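*Asks:* First the structure, which I've put down as structure tokens, then a few questions once you've had a look.
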């Protein structure tokens with residue numbers, strides 16, 4: 001019980017500290033960092049997400065600089081952005097959070113970049129929900145690495161979300177089952193200047209804003225729509 005309480009307290013403390021990180025300039029910075037994560041991973045073929053997966057992706061979520069803490073058990077908290085494929089390209093970005101106990105995130109270093117890719121329509125719909133528990137509401141699996149890797153067909157048969165982590169240059173599939181992804185309404189409101197429904201954004205009804213959002217969308221398009 002004490003271990004569980006310690007984890008809950010750490011997640012709560014991280015959430016409270018992150019609440020100040022909601023002004024527009026910092027949100028632009030988060031979008032820029034997310035684009036840089038994708039670019040740095042995908043430009044190295046033997047560490048990239050396989051082509052077969054990028055072409056099947058329905059949504060892409062990036063959490064740059066996931067925070068980790070450890071006290072008997074670990075806690076994780078991070079803020080990120082997600083975009084989904086629409087009939088006319090990739091959607092404007094929506095803002096999300098991820099939190100939970102970090103039993104499988106010990107790759108070293110103080111900061112971890114996460115990438116989650118929805119690979120079918122069910123995975124996309126899961127991301128449109130208010131809150132998603134990975135492994136329960138959405139089947140998640142560690143993703144394979146290498147642009148030309150002949151990825152196992154298992155991800156097509158069962159997983160709705162594929163997950164990767166990068167720490168100190170290492171990019172590898174990771175198990176995030178048990179972690180929770182939910183909408184960040186405060187950041188979305190700050191960025192768009194009004195309460196904008198998550199579904200409206202990710203279905204493509206909200207135009208992609210100029211600046212950092214457009215650069216993020218362009219980066220996703222570059223690697224997830226065209227053959228490198």
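To keep it simple, each residue is scored yes or no on (1) surrounded by fewer than 18 Cβ atoms within 10 Å (Cβ to Cβ); (2) at pLDDT 85 or above.
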| position | (1), (2) |
| --- | --- |
| 114 | no, yes |
| 122 | yes, yes |
| 135 | yes, no |
| 170 | yes, no |
| 178 | yes, no |
| 211 | yes, yes |
| 218 | yes, yes |
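*Asks:* Same structure, new question: Cβ-Cβ below 6 Å, separation at least six or inter-chain, first residue in the stretch 41-62 and on the phi < 0 side of the Ramachandran plot, second in a strand (DSSP E or B) and at pLDDT below 90: which pairs?
*Replies:* Listed pairs, sorted by first residue: 41/171; 47/171.
*Asks:* Mind counting the residues in the stretch 184-202 that are surrounded by 16 or more Cβ atoms within 10 Å (Cβ to Cβ) and in a loop (DSSP other than H, G, I, E, B)?
*Replies:* Number of matching residues: 2.
*Asks:* Quick check on the stretch 197-207. Is at least one of its residues modelled with pLDDT of 90 or more, out of contact with any strand residue (DSSP E or B) (no Cβ under 8 Å at 6 or more places or on another chain) and over 14 Å from residue 84 (Cβ atoms)?
*Replies:* Scanning the stretch 197-207 turns up at least one residue that is modelled with pLDDT of 90 or more, out of contact with any strand residue (DSSP E or B) (no Cβ under 8 Å at 6 or more places or on another chain) and over 14 Å from residue 84 (Cβ atoms).
*Asks:* Given (1) within 27 Å of residue 178 (Cα to Cα); (2) modelled with pLDDT of 90 or more; (3) touching a helix residue (DSSP H, G or I) at 6+ places or on another chain (Cβ under 6 Å), identify the lone condition not met by residue 61.
*Replies:* Tallying (1) within 27 Å of residue 178 (Cα to Cα); (2) modelled with pLDDT of 90 or more; (3) touching a helix residue (DSSP H, G or I) at 6+ places or on another chain (Cβ under 6 Å), residue 61 fails exactly one: (3).
The values are calculated or read from the model by the stated rules, or taken from the named source; none is laboratory data. None of these values were measured; they are calculated from a predicted model. Heads up, the Cβs are rebuilt from the backbone with ideal geometry, glycines too, and the neighbour counts pull from every protein chain shown.
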